[in-house]
1. Would the stretch 446-510 count as rounded, prolate or oblate if I go by the C-alpha gyration tensor, calling it rounded below 1.5 in a/c and otherwise prolate when a/b exceeds b/c, oblate otherwise?
2. To make sure I understand the rule: partners must be lysines, Cα under 22 Å from the Cα of Lys493, and not fewer than 8 residues away in the same chain. Which ones qualify?
3. In debye, nearest 20, what is the charge dipole magnitude of the stretch 1-132 about its Cα centre with +1 on Lys and Arg Cβ and -1 on Asp and Glu Cβ, if you could check?
4. Could you check the spin-label model distance between Ile238 and Ser544? Points 7 Å from the Cα along Cα→Cβ, value in nm.
5. Using a cut-off of 17 Å between alpha-carbon atoms, which lysines can reach Lys231, once sequence neighbours fewer than 8 places away in the same chain are excluded?
6. Per residue, what accessible area does the stretch 1-89 have, given a 1.4 Å probe and all protein chains present, in Å²?
7. Using Cα atoms only, what is the angle between the long axis of helix 49-97 and the major principal axis of the chain, expressed in degrees (0 to 90) to the nearest 10?
8. Work out the length of the dipole vector of the chain about its Cα centre, built from +1 on the beta-carbon of each Lys and Arg and -1 on the beta-carbon of each Asp and Glu, and round it to the nearest 20 debye.
Amino acid sequence: MKLIFRYMGKYIKPIMFVMLLKLIGTVAELMIPYVLEYLIDEVVPLGNTARIVLWGGIMILVAVLCWQFNVNANRFAVRNAHNVSYDVRRDLFNKTMHLSGAQFDAFGLPSLTSRMTSDSYNVQSFAQSFQTLCVRAPIMLVGGIAVTMTMDPVLSGILCVMLPLLAVVVLTVSSRGIPLYHKVQERLDDVVRVMRENITGIRVVKALCRMDYESERFHKYNDKMMASDIKASTVMAIPGPFMQLCLNTGLTLVVYVGAVRVNSGVMKPGVILAFLTYFNLILQSIMAINRIFMMISKASASADRIDLVLQSEVDQRILSVEETDVPQAHDAYIVFKNVNFKYPHNILSVEGKREGDSTTAVDEEDGFLGGEQEQCLYNIDFKLKKGESLGIIGPTGCGKTTIVNLLMRFYDVEDGGVYIDGRDVRTYEMDELRGKFGVVFQNDQIFQDTLRNNISFGRDVTEEEIHQATVDAMAAEFIDGLEDGLDHMADIKGANLSGGQKQRVLISRSLAADPDILILDDSSSALDYKTDAALRKAIFEKHSNSTTIMVAQRVSSIMGMSHIMVMDAGRCIGYGTHEELMENCPVYRDIYTVQMGAIAG
């Protein structure tokens, strides 16, 4: 809950204003039964029509004031709550953008999504209720009891006897609600994960006629979430009926005792009517307090989950040059020196993962699917001069993309070092380091925006640079054929573009800023061989100053590179030019023979 109050503190003045409005509105509401009792017992018996109209008008005025103050309080409370949730989502999004690869893997995309949506909504609901219910309910409860005590202490005592029992029940149940709502949010993470998988992979699901299978799989996780939600809601609903039973019993006693006291002349009839109204208000306030505790349970669980992300320490601190060793690499620009690496295991104590459970670290190309991760890179050692190129080839899961991840410092090496321009990558500020790169990842993202904005991507690139990038990436030929050209609106994930068109737009994005280092990770797999060859020729001729690393499955895509690395099971089993590898690396020779033979056939 500290997180919620920390964010609400920024809006303390408007929140206090709302609470003041709600206080005045609640006091006005408490006055209505009191005025009614005075009207019935003191004014009506006198038979003075003018006084009856006067006090009737006072009742109407108080009711209007109550309505006006409560309506405005609720309206401003909504605005304040939206501001609080806006700030929470903004900071959570910004923090997510700066999580390291290992931290992102530990939390997981579905969990981060649900924290950004349902958890932030729970925070918003509490922020709104805190300004209204948390003022109205306690004041109505305490004020109602205080007013009834002045009217008739005997009848008020009936209610006071029941309140401690109700308080014990509410507090006991609420203490159990927080961990139960934690479990609900964890189950929601699973539902979001399965839903996301099926939405993004809907074509595969339909193509293989697995709709029933995936529906059953979704229902399994949905049923688990529903069961957890029902359990939490059932536990938190216990006080409601119990309160109603106690208060209705008390109401019955009030009517009975009040009737006896009226008959004996100790009390006037208007007091009973006022008491019934106050009992109804007190009942509403107690039920509201019960709802407050339910919202506190939900908001506390959600706030803890959000705060766990916001308070995550940056696990990739920037090192000073003195803290690192610089290899004697002469004129080398990129150096991998004896690099060993495995994806982190259980780096965070994330709720929902029992101690000993594995943290899933998924590399989309390398195929690591969680569990205790084995070593995935062994003693990787190579050097590239400025302007040289490196092609990396090998079977799926051999560690090709992991090399790119380490170079861009999505993860830190376990042993050894990665160096750019004579500096360990850990000594660069992240913006400085990644500003050197133009990159196309596997399954990279086309955003729902114009092609121009997808290529420029918010960077300071000119229209001429964008056009030249599309020419170099072989994208101009199809973009120029579109009626609206670069202003053509791409659908989400580029659904209205072909696979080859998407890859050419992505390559245009990587070339637009003329990067120092160009990373192409299996970025031309959807291109025909002719377009692929023309693309490589354009890159080598017009971006010769860029140091290029290309991860590929095709020998034809990398055979012209300055250096070629052959990977297998995390190890470099061949390194050299195409001619050297054809002579010295049987694995590379076999790949070449199979692929080029297939093309020739």
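1. It is rounded, given that a/c, with a ≥ b ≥ c, falls under 1.5.
2. Leaving aside lysines fewer than 8 places away in the same chain, those within reach of Lys493 are Lys206, Lys502.
3. Details: 12 positive and 8 negative charges, 135 e Å.
It works out to roughly 640 debye.
4. My value for the distance between the label points is 7.9 nm.
5. Output for Lys231: Lys183, Lys220, Lys298.
6. Per residue, the stretch 1-89 has an accessible area of 56 Å².
7. So the inclination is approximately 20 degrees.
8. On the way: 57 positive and 70 negative charges, 621 e Å.
With only Lys, Arg, Asp and Glu charged at Cβ, the dipole is about 2980 debye.
The values are calculated or read from the model by the stated rules, or taken from the named source; none is laboratory data. All figures in this text were calculated on a predicted structure; none of them were measured in a lab. Backbone-built Cβ (ideal geometry, glycine too); neighbour counts: all protein chains shown. Keep in mind that these areas ignore ligands, DNA and RNA; they rest on the heavy atoms of the full protein, side chains included. Shrake-Rupley method; radii C 1.70, N 1.55, O 1.52, S 1.80 Å.
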